[in-house]
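To start, the structure under review is shown below, and the notes come after it.
The values are calculated or read from the model by the stated rules, or taken from the named source; none is laboratory data. As the structure is a computational prediction, the values presented were derived from the model and not from experiment. Backbone-built Cβ (ideal geometry, glycine too); neighbour counts: all protein chains shown.
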Amino acid sequence: MNKVILIASGKGGTGKTVFTANAGAVLAQRGHKVALIDMDMGLRNLDLCLGLEDKVVYDVADVLTGLCRIKQALIRDKRFSCLYLIAAPPMGKTAEITPLHMKVLYDKLKKHFEYILIDSPSGINEILLAAAFGADTAVIITAPEYAAMRDADVLDSSLRESGVTNIKYVVNKVRGDLLSTGLVPGMNEIASKLRSDMAGAIQYDDNIHLAANYGLPIVFKRGTYIEENYSRIVDRIIK
Ligand SMILES: Nc1ncnc2c1ncn2[C@@H]1O[C@H](COP(=O)(O)OP(=O)(O)O)[C@@H](O)[C@H]1O
Ligand SMILES: [Mg+2]
């Protein structure tokens, strides 16, 4: 059954956008039809992470206000057979976004796409909660630091209150050198503090950062430890 997966985090900069791009690319490389929606209104950067910034004409606000059809806002990433993006609007452009608007959009997209991944704004706000309405799964991106863990826990509660029951989390930006000092929370401590299941951990790796900066999902290069790790995490999220 086709699924909407919300990628969220309480804290900013944990890696939601990079994760959305790479998880979407993993699924598209497997031959699934995937749509990525950037809901970070005014602060869009999923288009940059995918190197599609020059292709954006219409955005999700245009779709939700009826200015264009969904098809007109879908930008195809030609490096993958079935990966599409709907960009977020630039700063200053507003649109009424209610849970109902999002549910209608999801229902329409689900007729054509097997996976719809939503890149969320940081924090817990009206847009996030609207985007959560109708999502089948939420993935909380957190990091081995106490602020990110606490924010992830608060977000987890809010998502549950909004009716999202299938929630997993990913610990991103894990640094082995710091873990071994015992000065940052380890995986066991994170697992004991967060109520949902962990889908996996992603190392802090300059290559992930550099690839995102150059508009290439790093999983495009197959057979690396990074691509294999993303792939295993995606397996746990969609199962
Ligand atoms: N695993 C990682 N290793 C190294 N850098 C990362 C990793 N994940 C994300 N980043 C970098 O961290 C920054 C924030 O990531 P981003 O996905 O934009 O966060 P968010 O969308 O949660 O605000 C970016 O510069 C990105 O390249
Ligand atoms: Mg982001």
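Among the candidates V104, V170, single out the residue that is part of a strand (DSSP E or B), out of contact with any Pro (no Cβ under 8 Å at 6 or more places or on another chain) and modelled with pLDDT of 95 or more. Talk me through it step by step, then tell me what you get.
Details: V104 fails: part of a strand (DSSP E or B).
Every option except V170 fails the conditions.
Out of I124, I97, I75, I need the residue that is within 16 Å of ligand 2 (Cβ to nearest atom) and either more than 17 Å from A23 (Cα to Cα) or not small (G, A, S) (or both). Which one?
It is I124.
Within segment 175-183, can one find any residue that is part of a loop (DSSP other than H, G, I, E, B), surrounded by 14 or more Cβ atoms within 10 Å (Cβ to Cβ) and more than 11 Å from ligand 1 (Cβ to nearest atom)? Talk me through it step by step, then tell me what you get.
Filtering segment 175-183 for residues part of a loop (DSSP other than H, G, I, E, B) gives 175, 180-183.
Checking which are surrounded by 14 or more Cβ atoms within 10 Å (Cβ to Cβ) leaves us with 175.
Keeping just the survivors that are more than 11 Å from ligand 1 (Cβ to nearest atom) gives none.
Taking every residue of segment 175-183 in turn, none turns out to be part of a loop (DSSP other than H, G, I, E, B), surrounded by 14 or more Cβ atoms within 10 Å (Cβ to Cβ) and more than 11 Å from ligand 1 (Cβ to nearest atom).
State all residues of segment 1-36 that are over 20 Å from A211 (Cα atoms) and either crowded, with 22+ Cβ neighbours inside 10 Å or within 12 Å of ligand 1 (Cβ to nearest atom) (or both); if no residue qualifies, say none.
V4, I5, L6, A8, S9, G10, K11, V34, A35
If you take the residues in segment 1-12 that are more than 16 Å from N125 (Cα to Cα) and outside any strand (DSSP E or B), which one is farthest from ligand 2 (Cβ to nearest atom)?
Among them, the one singled out is M1.
Let me confirm something: among A35, A28, which residue is more than 10 Å from ligand 2 (Cβ to nearest atom), touching a strand residue (DSSP E or B) at 6+ places or on another chain (Cβ under 6 Å), of a type in the set (G, A, S) and not in a strand (DSSP E or B)?
The match here is A28.
Can you say whether I202 is buried (at least 17 other Cβ atoms within 10 Å of the Cβ), in contact (Cβ under 8 Å) with a residue 12 or more places away in the chain, within 16 Å of A148 (Cβ to Cβ) and touching a Ser or Thr at 6+ places or on another chain (Cβ under 9 Å), as far as the supplied structure shows?
Numbers: buried (at least 17 other Cβ atoms within 10 Å of the Cβ): yes; in contact (Cβ under 8 Å) with a residue 12 or more places away in the chain: yes; within 16 Å of A148 (Cβ to Cβ): yes; touching a Ser or Thr at 6+ places or on another chain (Cβ under 9 Å): no.
Spelling it out, it is not the case that I202 is buried (at least 17 other Cβ atoms within 10 Å of the Cβ), in contact (Cβ under 8 Å) with a residue 12 or more places away in the chain, within 16 Å of A148 (Cβ to Cβ) and touching a Ser or Thr at 6+ places or on another chain (Cβ under 9 Å).
Against the definition (among the small types (G, A, S) and part of a strand (DSSP E or B)), how does A138 come out, yes or no?
yes
Evaluate the following for T142: is it over 15 Å from S9 (Cβ atoms) and touching a residue at least 24 places away in the same chain (Cβ under 8 Å)?
In short, no.
Within segment 109-135, how many residues turn out to be without any contact (Cβ under 8 Å) to a residue 40 or more places away in the chain and part of a helix (DSSP H, G or I)?
The number of residues fulfilling the criteria is 3.
Would you mention how many residues in segment 83-97 are β-branched (V, I, T) and either without any contact (Cβ under 8 Å) to a residue 24 or more places away in the chain or surrounded by 13 or more Cβ atoms within 10 Å (Cβ to Cβ) (or both)?
Going through segment 83-97 one residue at a time, the tally reaches 2.
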